[in-house]
Amino acid sequence: MARKMKFTTRMIEALKPGPERYEIWEQGRAGFGLRVTPGGTKSWFYLYRFKGRLRRMTLGRFPEIGLAAAHQLHAEAEGKKERGIDPGKERVASNRREREAPTVKELVEDYLNNISKRSLDEDRRIFNLDVLPAIGRKKVRDIRRRDVLQILDGIIERGSPIQANRTLAAMRRMFNWAIGRDIVLMNPCAAIEPPGREKARDRVLGVDEIKRLWTGLEQARVIKSVALGLKFQLVTVQRIGEVATAEWQDMDLEERIWTIPESKAKNGISHRVPLSGLAVEILDQARALQKRDEAEQGHNPGEGDEANWVFPSRVAGRAVTVAAFSQAVRKNRDVMGVKDVTPHDLRRTGASHIASMGIPRLHISKILNHVESGVTAVYDRYGYDAEKRCALDAWAARLMEIVQGEKPDKVVLFHGRRTGSET
């Protein structure tokens, strides 16, 4: 049945479902009506003609859309029709765009598939831990500053203000990436200050601590690739993220050079690291470890089929992550007899001890791949490979003295065996 009447909210609320669907029309509003199903669902609609064809447009459900809002939607649709726009077709297109608009989860997946390896694992951990559970299902375009703040507030409430800083930084990078690809127009992280107060660390291990850490890695409850990676970081004085993503293709053992490509370098600048004899012996140990593990697993790789990561994790095809290195140090401080130490402290320790040996600060800066400023930096394209090699060789010799108290030809790495005896 169909009838016309003056609509009021009370009247709409009082309508009862019948055995069949029925419609009522409002007096004085062309084509505006309400449909009531046997199940009790009440939906506003607009019936109109466009270019000679009768069309029906659903405006929404009552009570989610009240009478006043339904009147407004009807008026807007009427206005579009008068301007030669089919309101129903436009609504269908709008609904399609809404369905196809990416969610935060989809954005995260797209972003992680396109960023450099150096920050992939840490960003994935951050997004999985705090971002996706909170806003993963939301449309990217609907994310506002308050959504970001709620995530940060939750992290702070559990007592992790520095982690809140890291989460903010990761989200800011992702939304900036999305702006560059025209996925969003603004970054909801803009104008949000890091909530945690960062305190610059100045931890430098002394001689005794270096020896305890080096030898303590033998008893530490870590896989050998982790222990080797930490020693390699101390010897080469590079960032732990760059050690974690080191691949055999980056190593030229004949020239004794490790090239860190710009995609892996934290500052985005390609970097050549001369390898001391000690660094090469650690790499030999890592290669022997991989071949032994492959043999135990019944895999006999052919030439060129070798695992790509220098320091692989237990998960096939994956490298040890920065988080795994940090966790290994944190959980084994007592075993190693060294308190309050992080992987980054090893880099600072190496640089500080190199400086104490009289190596010029410029050469140390080149080893650390720090970005220089000023006109001189623009014109100075000399690589300083010779100076870096001299400094790193001297640091390796000093490490030998610290660990063994002498200057042997070979350095003990694991289980009391000299790496030179490994085959």
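The values are calculated or read from the model by the stated rules, or taken from the named source; none is laboratory data. Note that this is a predicted model, so its numbers are computed, not measured. When we count neighbours, we look across all protein chains shown, and the Cβ atoms used for this are built from the backbone with ideal geometry, even at glycine.
Some notes on this structure:
- For segment 242-275, filtered to residues that are within 22 Å of D345 (Cβ to Cβ) and surrounded by fewer than 22 Cβ atoms within 10 Å (Cβ to Cβ), the residue that is nearest to the chain's Cα centre (by Cα) is K266.
- G154 meets all of the listed conditions (1) within 19 Å of V108 (Cβ to Cβ); (2) crowded, with 16+ Cβ neighbours inside 10 Å; (3) not hydrophobic (A, V, I, L, M, F, W, C) but one, namely (2).
- Of all residues in segment 134-151 being of a type in the set (D, E, K, R) and either touching a residue at least 12 places away in the same chain (Cβ under 8 Å) or surrounded by 18 or more Cβ atoms within 10 Å (Cβ to Cβ) (or both), the one that is nearest to R181 (Cα to Cα): R141
- Screening segment 26-48 for residues that are surrounded by fewer than 13 Cβ atoms within 10 Å (Cβ to Cβ) and touching a strand residue (DSSP E or B) at 6+ places or on another chain (Cβ under 7 Å) and picking the one that is modelled with the highest pLDDT gives T41.
Each row is one residue, and each column tells you yes or no for (1) touching an Asp or Glu at 6+ places or on another chain (Cβ under 7 Å); (2) over 19 Å from L228 (Cβ atoms); (3) surrounded by fewer than 16 Cβ atoms within 10 Å (Cβ to Cβ).
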| position | (1), (2), (3) |
| --- | --- |
| R314 | no, no, yes |
| M336 | no, no, no |
| V341 | no, no, no |
| H370 | no, yes, yes |
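- Whichever residue in segment 316-334 is aliphatic (A, V, I, L, M) and surrounded by fewer than 16 Cβ atoms within 10 Å (Cβ to Cβ) and, among such residues, is farthest from I240 (Cα to Cα): A316
- Test: residue in segment 227-235 that is out of contact with any strand residue (DSSP E or B) (no Cβ under 7 Å at 6 or more places or on another chain) and in a loop (DSSP other than H, G, I, E, B): no
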